[in-house]
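Single-structure report; data block below.
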């Protein structure tokens, strides 16, 4: 996969590092000489592109016509929106991700403007805090289907109503499936007759609005 990143600050450079480590092709565009110089000390020459990411010629030179994903992660919302719109409607990039710096601008970052995923850091932090407060010891590992579902992990409390019950007898939420159980370091694929034991680590896929219900089943009454 080829990912074109516009914005070579801390967010952009860290993203590039992760993607390269994962074996993906990456190009990072930045117009600030000092940032470009720093990036060239961190990445191979072909990764770093000096120029304005809002300039179509710079985007073409960086390979936008071959890009599978464009990530606009500058510290300027206007730039991120311009780049996103151009990527989608002028260059037909299949996946466009944009960073939202000011939460007041979040309403602009929509699919009509070419943005598939808007990363509003303040909003994400607020939602994470609320989520952590509402679901106790449950940990969200991964969001799926634009946040409609989550892969979660939680330990079975010794006094939980689920202890000693087979999976088929658990009163699981209707949109929830147990994906795995980790018991004393061993990974167990749950079957209907698998019995939950205290301190089992349960991995489940559950609809977001049913996480609290699953937490209630696995935690102390």
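Each reported figure results from applying straightforward, stated rules to the coordinates on display, with no laboratory input. Because the structure is a prediction, the values reported are computed rather than measured. Glycine also receives a Cβ, built like all others from the backbone with ideal geometry; neighbour counts cover every protein chain displayed.
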If I ask for residues that are out of contact with any helix residue (DSSP H, G or I) (no Cβ under 9 Å at 6 or more places or on another chain) and either over 11 Å from residue 156 (Cβ atoms) or part of a helix (DSSP H, G or I) (or both), which ones from region 209-221 would you list? 209, 210, 213, 214, 216, 217, 218, 221
Take region 2-24 and flag every residue that is surrounded by fewer than 20 Cβ atoms within 10 Å (Cβ to Cβ) and touching a helix residue (DSSP H, G or I) at 6+ places or on another chain (Cβ under 8 Å). 2, 9, 17, 20
I'd like to know if region 90-100 contains one or more residues that are in contact (Cβ under 8 Å) with a residue 12 or more places away in the chain, closer than 18 Å to residue 13 by Cα and surrounded by fewer than 18 Cβ atoms within 10 Å (Cβ to Cβ). no
Are there any helices (runs of 4 or more DSSP H) wholly within region 13-123 with 2 or more residues that are under 19 Å from the mean Cα position of the chain (by Cα) and under 29 Å from residue 147 (Cβ atoms), and if so which? 77-89
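Just the residues that are within 16 Å of residue 29 (Cβ to Cβ) and out of contact with any strand residue (DSSP E or B) (no Cβ under 9 Å at 6 or more places or on another chain), please, taken from region 87-108. Steps first, answer last, please.
First, pick out the residues of region 87-108 that are within 16 Å of residue 29 (Cβ to Cβ): 87, 90-91, 93, 96-99.
Matches in region 87-108: 90 only.
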Taking only region 162-201 into account, find how many residues are surrounded by fewer than 16 Cβ atoms within 10 Å (Cβ to Cβ) and under 15 Å from residue 212 (Cα atoms). 4
